[in-house]
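Shown next, in structure tokens, is the structure this report addresses.
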Amino acid sequence: KSTLVMLVSALGGREAILRAYAHAVQENYRFFSFGDAMLIK
């Protein structure tokens with residue numbers, strides 16, 4: 001439901017991005033947005 005996830009999915013593939021997102025949430029990673037980019041730290 002995030003337009004940022006949709007944006008990066010266009011480049012990285014939907015399934016790969018959703019797997020990475022689920023892993024990041026599970027590991028309590030912090031998310032930062034920088035314009036048209038995303039950093040998962």
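What follows is calculated from the coordinates using simple rules that are stated; it is not laboratory data. Predicted, not measured: the structure shown is a model, and the values here were computed from it. Heads up, the Cβs are rebuilt from the backbone with ideal geometry, glycines too, and the neighbour counts pull from every protein chain shown.
Before moving on, here are some points about what is shown:
- Remark: the range 5-20, residue by residue, has Karplus-estimated 3J(HN,Hα) of 5, 4, 5, 6, 5, 5, 9, x, x, 4, 5, 5, 5, 5, 5, 5 Hz, where x stands for each Gly or Pro and the curve is 6.51 cos²θ - 1.76 cosθ + 1.60 at θ = phi - 60°.
- Val5-Leu18 pseudo-label distance in nm [points 7 Å out on the Cα-to-Cβ vector]: 0.8 nm
- Long-range amide H partners of Phe31 with built H, under 5 Å: none
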